[in-house]
Every structure is written in structure tokens, then in C-alpha cells.
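The structure appears below as C-alpha cells.
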Amino acid sequence: MAKTRKRLTLACDACRSRRVKCDGQRPYCAPCHTRGLDCFYQQVPAESPATRVETELANINLRLNYLTRLLSNQPEPYVDPQKSSTSALGSREDSPFRLLVTDSIMHVLGLDDHFIRGLVQLERANNLVGITTPSRMFFISHQQTNDALAAFSDQVHGYYPILPLGFSETYFSILSGPLPPSCETFLALLVAAIGCFAHDPTTGSTYFEAALASLPVVLAECTLTSIQCLIFLSIYYCCLLKPCQAHDYCLIASSKIRNLFKSELSVQLDVAKSDIWSLDEYIPLPNCRRICQFPLQQAPNTIFGVSPTSVYSTDSTSTMADQAQSFFLAEIAMRRMLHRCNSAVTHSLDGRPRYAPSIALELERQLDEWYDYLPANVRFSRTPDQLCADQFGSLSNFLHVQYYCCKLSIYWPAVYQAVQDNNASTQLLTHCQRFIDSYVQLLPRIVFAVDDCLIYKWTLSVSFFTTTMAALKVADTPCLASANHDNIRECLSSAARVDWKGTKGSPSLELLQHTLNSRLQKAKYS
């Protein structure tokens with residue numbers, strides 16, 4: 001029986017502004033009736049019928065839920081108190097069956113068990129770098145703010161299209177004013193800071209310093225604008241390659257979201273979980289037709305200037321909105337799959353975890369079904385000859401990287417099982433070969449994405465490190481020698497030549513680069 005989707009009661013304007021509980025009664029709610037206040041409700045637009053893509057994504061999600069329920073009914077894994085290593089196998093968060101950067105996977109890959117904790121300590125020690133006293137006054141160049149918005153729209157907003165179409169007018173209006181402390185001021189200055197950094201990494205700090213004057217207001221408010229501020233503050237720190245700060249502000253944003261509803265970095269690091277996934281089924285899909293790239297202002301030649309709405313045509317705006325909606329819906333479905341793609345594990349009669357080939361095949365079938373329903377405007381080619389420069393650019397390549405990262409996570413339990421047993425059956429060897437083939441396809445695309453995608457540079461770099469270390473483990477495992485290793489050896493040689501440019505500001509990435517290059521040199525792949 002289909003699970004009924006819960007509806008959230010819409011509070012009236014008076015209760016929302018006073019932050020009191022509203023019972024949603026019409027025409028007058030109880031609090032307004034008691035206090036003799038006028039009771040008004042915001043108009044809720046009628047929901048449009050689900051598109052074919054939305055329906056298919058919902059069906060995929062239902063099947064993923066079904067698999068999750070099956071796995072949750074498995075008996076608890078056997079834990080031998082005499083062997084501390086088996087306790088890691090019994091943990092859903094820190095298991096070597098999961099291709100994640102956790103203590104146990106570091107042990108499997110031949111690194112110190114606490115290697116990942118060292119990365120966190122390095123980033124925490126780097127926490128205060130770049131924090132300065134906000135400036136009280138600075139000169140704002142119209143051309144610089146225009147270039148910043150263009151760079152932000154081109155390189156950042158496509159990944160997080162959460163600002164309205166009319167934001168550009170608000171942006172220019174705020175930056176031409178006195179900049180009073182507010183969430184709106186913070187958001188405009190932060191967009192300028194991110195855009196300046198994307199346009200030229202040596203700029204942007206002035207806008208960021210000015211934005212910090214409004215940070216107390218952002219932290220105090222619990223509004224949609226304050227949440228947008230925190231999300232883009234997290235993105236700004238992602239651009240600076242400071243993942244711990246980015247994660248901290250994501251946690252604050254998710255807490256505010258939970259408060260509003262009354263209810264990716266945690267994948268890479270062992271940090272606090274926000275529990276935001278518990279709201280997954282209650283949050284409606286976005287309407288990106290109201291959220292697309294921003295029209296830019298031209299430098300005014302007259303006192304009247306140029307209206308920002310005159311720059312883009314209706315057709316171009318519609319095309320960008322279609323692509324934004326397609327990418328965002330595909331990205332939401334992919335995030336859900338990545339959240340559960342490490343589930344190809346069952347338990348033997350004695351409670352020990354084992355690889356489950358049937359679950360892996362079902363997960364891959366759902367992944368391929370996700371690909372089959374990708375709209376044409378974000379579809380990538382799976383043809384090996386076509387590398388990263390897909391005709392639709394950054395967004396489609398980013399989905400391409402996630403596609404193969406998901407495949408690697410699905411078949412990693414097969415590799416781990418072969419490594420542990422030092423033996424591989426014909427079926428297990430076939431599934432390990434799928435892991436190898438996925439890495440071969442992933443490598444050139446993720447290298448391209450690391451340089452192309454500013455806001456995910458740190459996360460993609462860690463994924464590059466983890467997947468390459470796993471591939472190195474495959475190449476060094478004797479029982480997998482009969483697999484086709486020619487391509488993976490060639491890829492490992494290519495990985496040794498990758499230039500980790502732009503990572504100087506991140507001590508954790510510098511350590512990962514040194515560690516990976518040392519391992520590849522020791523294995524004679526350099």
C-alpha cells in the first residue's frame with residue numbers, strides 16, 4: 001500500500017510573523033480570533049500534474065525504499081569481542097563495505113585507522129584562517145559587481161538554483177545602498193564574494209568581510225532568506241577549500257530547515273549528522289521555472305542606465321529554466337541513490353556480513369533506469385570515446401561523475417569480499433570487473449570536474465583520492481589478477497600525473513595528494 005504523503009499546515013501571516021503555532025483554520029485561526037486580529041493566508045499555487053520524469057523518479061525512490069526495508073529486517077551482525085576489527089563490520093556508519101572515507105576503509109586501503117581523523121584535525125586547525133574584522137566602508141565598482149553576478153550565475157547557481165529570478169534587481173539595489181545589517185544585505189554581499197572568487201580567486205574577501213557585519217542577524221533569524229545565507233556561506237567556504245566550516249554552516253542551515261518544517265560533506269568525513277534526510281519525503285520538488293540564471297546589468301551610459309530585464313529574451317530564460325529543473329530533479333534522485341548505494345550486503349546465518357550480488361544488480365538496474373529517464377538537456381554520453389566535454393558542459397559532466405561514483409559504491413562490497421577471502425568465484429570476479437570498468441570510466445571525468453566545479457572541488461578531490469586508492473587495492477589483490485587489469489593500470493599511471501592545482505589553501509588535500517602520490521610511486525605507476 002502506498003504511503004500517504006503528509007501535508008504541512010500553512011500558517012497565517014500573523015502567526016508566522018509572531019512565530020506562534022497556527023491551527024490553519026479558515027477564515028480565522030484560533031490565535032487571531034482570540035486576539036481580534038485580521039487573519040490572512042498566503043495564496044498557495046495549485047500543484048501542476050507530475051511530469052513523466054517526476055513519476056519515474058518517484059518510482060525509483062519507492063524501489064529504493066523497498067530495498068532499505070528488506071535490509072533493515074536482516075539480523076544483527078555477529079560481533080566477536082576478541083577481535084576489535086569485526087566491530088567496524090557491525091557498524092552501518094563505519095563499515096569497510098561502504099566506499100566512504102571512514103576509519104575502517106582507511107585500514108582496508110592500508111592507511112592508519114585514524115587517518116581520516118587527522119584530516120579533520122588539520123581542517124579544524126585551519127578554521128580561523130581568513131577571518132578578519134569586517135570593513136566599515138569600501139568602494140563598490142558596478143563593473144565588478146556585474147562580473148561577480150555573471151560568474152556566480154555561470155559557475156555556482158546552476159548547482160544550487162535556490163535564488164528567485166528577480167534576485168538580480170535586488171542584488172544591484174542593495175549593493176548600491178548603505179548596506180544596513182540584514183539577511184538581504186548578507187546574501188547580496190555573499191553572492192558578490194562568491195562570484196568575485198569564481199571570476200578571480202584573488203578577489204572577493206572585501207565583500208565577505210562586509211557581509212560578516214550581518215552574520216549575527218542571519219544566525220538569529222529563522223527565515224527562508226537566512227537559510228539561503230547559510231547555504232551560500234557554506235558554499236563560500238567550499239570555494240576556499242575549508243570543508244569543516246562549510247559543514248558547520250550546513251548543520252545550522254539544516255537545523256533552521258527543521259524548525260521551519262517542525263520536524264554530502266558528512267559522507268566524506270566522520271562529522272555530526274544533521275538528520276536532514278528524515279525530511280526527504282516531506283519536501284516538495286522544486287519549481288525551477290521561477291529560478292534560473294540572472295539577467296545582468298550593463299554599465300550605464302546615461303543617467304537612466306539599462307533595465308536588467310531587457311538583457312535576456314523569454315526563450316533563453318525558458319531554456320535555462322528547463323535545464324535547471326532537469327538538473328535539479330536528476331540531482332535530487334541521484335543524491336537519494338548515493339545515500340543508499342552501499343546496501344549490497346546481506347548477513348550469513350552466523351550474522352557475518354557478506355556481499356549480496358542480487359541487491360547489487362537491482363541497484364545498478366535502478367541506476368541505469370535513472371539514466372534512461374534523464375532529459376536530453378542534461379543527458380551525458382556513456383560512450384567511452386567521449387570524455388568530459390559533453391555538449392551541455394558542467395552540469396551533465398557532474399551528473400556523469402556521480403553516476404560512476406554510485407556504480408563504484410554498489411560494487412565495492414564485491415571487491416572487499418574478494419580481498420577478505422583472498423578468493424573470487426566467477427560471479428564475484430564478474431562484479432569486481434564492473435568495479436574496475438566503472439573506475440576506468442570515472443577517472444578522466446572526475447579529474448575534469450575537480451578543475452571545473454569550484455564549489456565541489458574539495459569533495460571531488462577526496463572522492464578522487466578514495467576511488468584511486470581502492471583501484472590500487474584491486475590492482476594489488478592476487479585473486480583478482482585474472483580480471484582485465486590493463487585499463488586500470490593505465491588509469492593509475494594517469495592518476496599519478498594529475499596536477500592537484502588550486503589545493504594550496506587546504507592542508508587536508510595537500511596531505512591526500514602526498515599520500516596518494518607516494519603510494520602510486522611505490523607501486524611504480526608514476
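Please treat every number below as a calculation from the coordinates, not as lab data. These numbers come from a predicted model, not from an experiment. With ideal geometry, Cβ positions are generated from the backbone for all residues, glycine too; neighbour counts draw on all protein chains shown.
Apply the Karplus curve 6.51 cos²θ - 1.76 cosθ + 1.60, θ = phi - 60°, to the phi angles in region 180-197 and return the couplings in whole Hz, x for Gly and Pro.
x, x, 6, 5, 5, 5, 4, 5, 5, 5, 6, 4, 5, 5, 5, x, 4, 5
Would you please give the FRET efficiency between residue 33 and residue 225, computed as 1/(1 + (r/R0)^6) with r the Cβ-Cβ distance and R0 = 41 Å, to the nearest 0.05?
In this case the efficiency is close to 0.85.
Among 242/473; 21/256; 407/473, which pairs are too far apart, with a Cα-Cα distance over 26 Å?
In this structure, 242/473 lie more than 26 Å apart at Cα.
In what sequence, highest mean first, do 357-366, 402-411, 239-248 appear when ranked by Cβ atoms within 10 angstrom?
402-411, 239-248, 357-366
Explain nothing, just compute: Karplus ³J(HN,Hα) = 6.51 cos²θ - 1.76 cosθ + 1.60, θ = phi - 60°, for every residue of region 370-383 in order, whole Hz, x for Gly and Pro.
4, 5, 4, 9, 5, x, 4, 6, 10, 6, 10, 8, 8, 5
If the chain between residue 481 and residue 420 were fully stretched, how many nm would it gain, using 0.36 nm times the residue separation less the Cα-Cα distance?
In short, 20.5 nm is gained.
Between residue 25 and residue 154, with labels modelled 7 Å along Cα→Cβ, what's the label distance in nm to one decimal, could you check?
5.7
In nm, to one decimal, how far is the modelled label at residue 369 from the one at residue 518, with both set 7 Å along Cα→Cβ?
4.6
Which log10 I(q)/I(0) values does region 471-526 give at q = 0.14, 0.20, 0.24 Å⁻¹ under the Debye formula, counting every alpha carbon as one identical point scatterer?
Here the Debye-derived log intensity ratios amount to -0.43, -0.75, -0.94.
What is the set of long-range amide H partners of residue 347 at a cut-off below 5 Å, with H atoms built 1.01 Å from backbone N?
354
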